[in-house]
Amino acid sequence: MLQGVYDWSLRMARHRHAERALAALCFAESSFIPALPEVMLLPMILAERAKAWRYAAICTVSSVIGGVAGYLIGYFLFEAVGEPILNLYGMSGDFEQIAGKYNEYGWLMVLIGGGITPIPYKVITIASGLTQLDFVTFVAASIVARGVRFFLPCALLYKFGPQAKRLMDTRLNQVFWVSLVLVVLGFVAAPYLFKG
């Protein structure tokens, strides 16, 4: 089954609307749905390595725009939209109690949580809006964090593309399970983000 999905992803990576679909996925992942953009991004780079930097830029820009949408959800629509999303990650509770502490270290949470940890970025974006983290600080930290998140793997695949493709072709199951473990760790770690 995994092989079929992988082969399909490689074919779809060459589709004329692949870049738009990638941008939409990154936007949605940053604001409201559980998703892993790498599922689409990695096959696209393996299919057309020369476009790695373009794909990284598309992912970064659309992800930051999605992050702004998540911020606005937290700021304006928390009870209707934001709270159910955070409840999905086991983060129900009185968020107002931690607003001051979050804003003191919020830029660092955006920077680290949005870039190098498996904690879902949408949790960070909604929490930033809810606690009214300074918007310019939020956007600046998001640009750096999401840039690291997408440009680093794109750079690695650009440099090691043929070897990475061989790894995917021969060790697809192992790559899948490692990715799944990282996603699960993000779900498990998310509730602890707001513990005092």
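I'd like the full set of residues that are surrounded by fewer than 24 Cβ atoms within 10 Å (Cβ to Cβ) and within 19 Å of Ala28 (Cβ to Cβ), limited to the stretch 109-128. Result: Gly115, Pro118, Ile119.
Total residues in the stretch 14-41 satisfying the condition of being among the hydrophobic types (A, V, I, L, M, F, W, C), in a helix (DSSP H, G or I) and open to solvent by less than 50 Å² (accessible area, probe 1.4 Å): the figure is 9. If you go through the stretch 121-154 and pick out every residue that is in contact with a helix residue (DSSP H, G or I) (Cβ under 9 Å, 6 or more places away or on another chain) and within 26 Å of Glu79 (Cα to Cα), you end up with 20.
Here Gly196 meets the list (1) at pLDDT below 80; (2) assigned to a helix (DSSP H, G or I) almost entirely, failing just condition (2).
The values are calculated or read from the model by the stated rules, or taken from the named source; none is laboratory data. This is a predicted model, so every value here is computed, not measured. For neighbour counting, all protein chains shown are included, and Cβ atoms are generated from backbone atoms with ideal geometry for every residue, glycine included. These accessible areas exclude ligands, DNA and RNA; they are computed on the full protein's heavy atoms, side chains included. Shrake-Rupley method; radii C 1.70, N 1.55, O 1.52, S 1.80 Å.
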